[in-house]
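J.: Input: one structure, supplied below.
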Amino acid sequence: IWYCMGALEKKVLESKDGKVLQQIEREVRMREGASKLLAACSQKDQALEASKSLLTCNARILALLSQLQKIRKAQILERAGLRSDGDPDSLNDAAPCTGKVALSDLRFPLMWKDSEYFKNKGELHRCAVFCLLWCDSEIHDTDIVMVDRTLTDICFEEPIIFDEVGPEFQLRVELYSSCVVEDASPAVLAIKKGTFLGGSLGYSSGKKIRAAFESAAGCGSVGGDGSSGKSPVLSSLQRGPKYNLLAHTTLTIENVLDGFKTHDLTVLATEDSPFWLPLYGNLCCRLVAQPLCMTQPVMSGQLTVKVIT
């Protein structure tokens, strides 16, 4: 029995391994397409969208590489006759139920100076912003919103749903910003054409992983590890719209409530930064969770009722 269970678990891990490699390959190809589009852009809006696509693809590649590393670790432990937690009887333990997590009505309050908002004085400061939302290897992005002193909140109304999330999830919300210069001609970005794709991503999974990692490093500006989101590689490759990590926060199951709630926000930029915006220091959103056991049957069968007299 244990041999059959081990073989089944090995097959599942290998299937996940191949699926993640395919996802990495698809994201790298999408990133190459975004690079070519960015190099050919002549309009400011197109360049902003292409730059956002580059950053998003890079974030997904890094998340998938992290997931692949976990799968490879589980495979090594399986070959050594161990379970991922070191307990050979761990399969008998009840696993926690996964579920769906949804975030909606995401808002970032702004705090403009009185002279800017009410008296409309000073230079018009305009930025293009969007959000990346991370939960394990699943990443979603929002639309780009143009922000200036006429807005009191940065709003992202569309709901974002994460599937098959564990009870110990950590949902990281990242706000990226890029300064928009109105009177300047749209910058044409010169992206150095590398050979990171390697045709069909090499001849083995090792080459695929190495190629994906090199391409992700080349894209640069991703703050999933809590860094400032700036990369020296990015400065040398991309001369045009650049998104920088402006602020971030992490939500957990303790933040799940039925209503609208305010959460603390970590702001990274200062007023001297060109991509800076006067964030109030909080974000507001609705965060809900639904275990799969509420919508899907967990166990089925006949129930025998014993009458006690």
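Residues checked against (1) modelled with pLDDT of 60 or more; (2) closer than 21 Å to E158 by Cβ:
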position: S204; (1), (2): no, no
position: K207; (1), (2): no, no
position: G223; (1), (2): no, no
position: G229; (1), (2): no, no
position: L257; (1), (2): yes, yes
position: F260; (1), (2): yes, yes
position: F275; (1), (2): yes, no
position: A289; (1), (2): yes, yes
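J.: Could you please give the count of residues in the range 257-309 that are open to solvent by 100 Å² or more (accessible area, probe 1.4 Å), touching a residue at least 12 places away in the same chain (Cβ under 8 Å) and under 20 Å from C179 (Cα atoms)?
T.: Of the residues in the range 257-309, 1 are open to solvent by 100 Å² or more (accessible area, probe 1.4 Å), touching a residue at least 12 places away in the same chain (Cβ under 8 Å) and under 20 Å from C179 (Cα atoms).
J.: Determine if the range 63-75 includes at least one residue that is of a type in the set (G, A, S), modelled with pLDDT of 75 or more and within 25 Å of P297 (Cα to Cα).
T.: no
The values are calculated or read from the model by the stated rules, or taken from the named source; none is laboratory data. These figures come from a predicted structure and were not determined experimentally. Note: ideal-geometry Cβ built from the backbone for every residue, glycine included; neighbour counts use all protein chains shown. Side chains included, ligands, DNA and RNA excluded: accessible areas come from the protein's heavy atoms. Shrake-Rupley method; radii C 1.70, N 1.55, O 1.52, S 1.80 Å.
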